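Novice: Got a structure for you, questions after.
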Amino acid sequence: MDLDIDFVRAQFPAFSEPALQGQAFFENAGGSYTCRPVIDRLTRYYTQRKVQPYAPYEASRLAGEEMDEARARMAAILGVETEELSFGPSTTQNTYVLAQAFRQWMSPGEAIVVTNQDHEANSGPWRRLAEEGIEVREWKIDPATGHLNPGDLEALLDESVRLVCFPHCSNVVGEINPVTEITAMAHAAGAFVCVDGVSFAPHGFPDVGALGPDIYLFSAYKTFGPHQGVMVIRRALGELLPNQAHYFNADTLYKRFTPAGPDHAQVAASAGMADYYDALCDHHGGPSAGAVARAGFVNGLIRQHEAALLQPLLDAVKDRNDLRLIGPSEAARRAPTVALALNRPAEPVAAELASHGVMAGGGDFYAVRPLQAMGVDAGQGVLRLSFTHYTHPDEVTQLIEALERVL
């Protein structure tokens, strides 16, 4: 079955906004358009329920119920317990808090593994543990391709490694890493696993329970939702690490690693992401029950649509001699986040594309380490072209034609 692109786009108010007509949005890796169910829930919360939640009066009771609904439904989609899902202000902030917990829990001489393929959010906070005598081991990418070889991890693992951190896919390389295989390797060595899913989750909410990592993080504002960080911490690890919140919240798993109070309205609005997935599933005749099964059906539609749009773009750029395509040239191996290293600074090229109705970005995208590892001048940056399942085939054609004119 093909994804009904007209139905999809009807769920996003941005596509009926006059100011955006004719503008093809190709900077989705930085943040997606927001779907209508999220906007509706956010509007309802701010207009009807903007009070302290969980009190006995009606507006407060409903406010708390909406927050609980968001946690329960998103946890179900991700295949984890409700209490194993936390909301925080951003993925960067969530990772920082987790790093402080590991700072307290680990001892000098113990080790963690990080990669140089990561966005800085899943690299910098962990690397700072070296200040406490923690050994930081770097799992390096292939400088020619950006590929992260699981075989290279094996040499870094021993009984002193407590944590392995890596991305589900890089925000510039785009290649999808084999999370289950890597997680099994780390677990066999006695280490926990932290996966940054920020660049993967916009292309299908993962079944974290089946994949197996102990921590999985992504950003709801890149998955058609509000500006929140979504963090899964499996119970075994969450109860082992030191509490980072108020002492009286230590017995509630989803509060242990969110020291700041939650953004009530945005947490409640996150249920709109589940509403949207339900609408896609029902419209396309998917399974009638089972949150993971329904999400998996939708993910299949999304992946098929995105791959069909991605391959023509990759084909248009992979053999050009005036640029370097970062990452694989086969759509089946990557997410639709395409970084191009040019022979000139990228940001002015993005500005030129804007004159052709193409919204894209140029820069380092906080991926300084992988760019430098691949010999790309981070100051010059890359042109990044990223889309999601709501992108229309005509917009990809518009992009390819604009690239031809500008390059």
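Novice: Being touching a Leu at 6+ places or on another chain (Cβ under 6 Å) and either open to solvent by less than 40 Å² (accessible area, probe 1.4 Å) or among the small types (Gly, Ala, Ser) (or both) narrows it down to one residue among 99, 75, 70; which is it? It would help to see each step written out before you state the result.
Specialist: Numbers: 99 fails: touching a Leu at 6+ places or on another chain (Cβ under 6 Å); 70 fails: touching a Leu at 6+ places or on another chain (Cβ under 6 Å).
None of the other options fit; the residue is 75.
Novice: If you check residue 84 against the conditions, is it open to solvent by 30 Å² or more (accessible area, probe 1.4 Å) and of a type outside the set (Gly, Ala, Ser)? Walk me through it before giving the result.
Specialist: Working: open to solvent by 30 Å² or more (accessible area, probe 1.4 Å): no; of a type outside the set (Gly, Ala, Ser): yes.
Criteria not met by residue 84.
Every residue, every condition in (1) of a type in the set (S, T, N, Q); (2) more than 18 Å from residue 369 (Cα to Cα); (3) touching a Ser or Thr at 6+ places or on another chain (Cβ under 8 Å); (4) outside the structural domain of residue 220 (by the TED database), yes or no:
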| site | (1), (2), (3), (4) |
| --- | --- |
| 63 | no, yes, no, no |
| 76 | no, yes, yes, no |
| 131 | no, yes, no, no |
| 142 | no, no, no, no |
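Novice: Within region 12-22, is there a residue that is touching a residue at least 24 places away in the same chain (Cβ under 8 Å), closer than 30 Å to residue 336 by Cβ and polar (S, T, N, Q)?
Specialist: First, pick out the residues of region 12-22 that are touching a residue at least 24 places away in the same chain (Cβ under 8 Å): 12-13, 15, 22.
Those still in the list that are closer than 30 Å to residue 336 by Cβ too: 12-13, 15, 22.
Filter once more, so that each one left must be polar (S, T, N, Q): none.
No: zero hits.
Novice: I'd like to check something: does region 122-144 contain any residue that is touching a residue at least 12 places away in the same chain (Cβ under 8 Å) and within 16 Å of the chain's Cα centre (by Cα)? Give the derivation first.
Specialist: In the first step, residues of region 122-144 are kept if they are touching a residue at least 12 places away in the same chain (Cβ under 8 Å); the result is 122-123, 125-129, 132-141, 143-144.
Going one step further and asking which of them are within 16 Å of the chain's Cα centre (by Cα), we end up with 122-123.
Yes, there is a match, as at least one residue in region 122-144 is touching a residue at least 12 places away in the same chain (Cβ under 8 Å) and within 16 Å of the chain's Cα centre (by Cα).
Novice: Here are some residues: 387, 365. Which one is under 20 Å from residue 144 (Cα atoms) and of a type in the set (Phe, Trp, Tyr)?
Specialist: On the way: 387 fails: under 20 Å from residue 144 (Cα atoms).
When all the criteria are applied, what remains is 365.
Novice: Within the bounds of region 41-63, is there any residue that is within 18 Å of residue 252 (Cα to Cα), free of Cβ contacts under 8 Å to residues at least 12 places away in the same chain and open to solvent by 60 Å² or more (accessible area, probe 1.4 Å)?
Specialist: Within region 41-63, one or more residues are within 18 Å of residue 252 (Cα to Cα), free of Cβ contacts under 8 Å to residues at least 12 places away in the same chain and open to solvent by 60 Å² or more (accessible area, probe 1.4 Å).
Novice: Continuing with the same structure: Enumerate the helices (runs of 4 or more DSSP H) found wholly within region 153-268, keeping only those where 1 or more residues are open to solvent by 30 Å² or more (accessible area, probe 1.4 Å) and touching a residue at least 60 places away in the same chain (Cβ under 8 Å). Steps first, please.
Specialist: Values: elements: 179-188, 208-211, 235-238.
So the answer is 208-211, 235-238.
Novice: Taking the stated definitions as given, is residue 380 in contact (Cβ under 8 Å) with a residue 12 or more places away in the chain, crowded, with 16+ Cβ neighbours inside 10 Å and out of contact with any His (no Cβ under 9 Å at 6 or more places or on another chain)?
Specialist: Numbers: in contact (Cβ under 8 Å) with a residue 12 or more places away in the chain: yes; crowded, with 16+ Cβ neighbours inside 10 Å: yes; out of contact with any His (no Cβ under 9 Å at 6 or more places or on another chain): yes.
Answer is yes for this residue.
Novice: Related question: Of everything in region 353-377, what is assigned to a loop (DSSP other than H, G, I, E, B), touching a Gly at 6+ places or on another chain (Cβ under 7 Å) and open to solvent by less than 20 Å² (accessible area, probe 1.4 Å)? Give them in sequence order.
Specialist: If we filter region 353-377 for residues that are assigned to a loop (DSSP other than H, G, I, E, B), which is where we start, we get 355-357, 360, 364-367, 374-377.
Restricting the remaining residues to those that are touching a Gly at 6+ places or on another chain (Cβ under 7 Å) gives 357, 364, 374.
Once the filter is applied, which keeps residues that are assigned to a loop (DSSP other than H, G, I, E, B), touching a Gly at 6+ places or on another chain (Cβ under 7 Å) and open to solvent by less than 20 Å² (accessible area, probe 1.4 Å), region 353-377 yields 357, 374.
Novice: Now a separate question. With the checklist (1) farther than 25 Å from residue 92 by Cα; (2) outside the structural domain of residue 353 (by the TED database) in hand, flag the one item residue 24 doesn't pass.
Specialist: Of everything listed in (1) farther than 25 Å from residue 92 by Cα; (2) outside the structural domain of residue 353 (by the TED database), residue 24 misses just condition (2).
Novice: Still on this structure, please answer the following. Output yes when any residue across region 195-203 is more than 30 Å from residue 47 (Cα to Cα) and more than 20 Å from the chain's Cα centre (by Cα), and no when none is.
Specialist: There is no residue in region 195-203 that is more than 30 Å from residue 47 (Cα to Cα) and more than 20 Å from the chain's Cα centre (by Cα).
Novice: Restricting to region 334-344, and then to whatever is of a type outside the set (A, V, I, L, M) and outside any loop (DSSP other than H, G, I, E, B), can you tell me which residue is surrounded by the fewest Cβ atoms within 10 Å (Cβ to Cβ)?
Specialist: Residues of region 334-344 that are of a type outside the set (A, V, I, L, M), as a first pass: 334, 336-337, 343-344.
If we keep only those that are outside any loop (DSSP other than H, G, I, E, B) too, we end up with 334, 337.
Numbers: 334: 23, 337: 29.
Top of the filtered list is 334.
Novice: Pull up region 140-152, narrow it to residues that are farther than 23 Å from residue 125 by Cβ and of a type in the set (Gly, Ala, Ser), then point me to the one that is most open to solvent (accessible area, probe 1.4 Å).
Specialist: Applying the filter and picking the extreme gives 144.
Novice: When residue 331 is evaluated against the numbered criteria (1) free of Cβ contacts under 8 Å to residues at least 40 places away in the same chain; (2) open to solvent by 10 Å² or more (accessible area, probe 1.4 Å); (3) within 19 Å of the chain's Cα centre (by Cα), which criterion, by number, is the only one it fails?
Specialist: Here residue 331 meets the rest and fails (2).
Novice: Which of the residues that make up region 227-247 are within 23 Å of the chain's Cα centre (by Cα) and closer than 16 Å to residue 261 by Cα?
Specialist: 227, 228, 229, 230, 231
Novice: Determine whether residue 33 is assigned to a loop (DSSP other than H, G, I, E, B) and touching a helix residue (DSSP H, G or I) at 6+ places or on another chain (Cβ under 7 Å). First the steps, then the outcome.
Specialist: On the way: assigned to a loop (DSSP other than H, G, I, E, B): yes; touching a helix residue (DSSP H, G or I) at 6+ places or on another chain (Cβ under 7 Å): yes.
Yes, satisfied.
The values are calculated or read from the model by the stated rules, or taken from the named source; none is laboratory data. What you see is a predicted model; the values in this text were computed from it and never measured. All Cβ positions, glycine included, derive from the backbone under ideal geometry; neighbour counts span all protein chains shown. The area values use the complete protein model at the heavy-atom level, side chains included, leaving out ligands, DNA and RNA. Shrake-Rupley method; radii C 1.70, N 1.55, O 1.52, S 1.80 Å.
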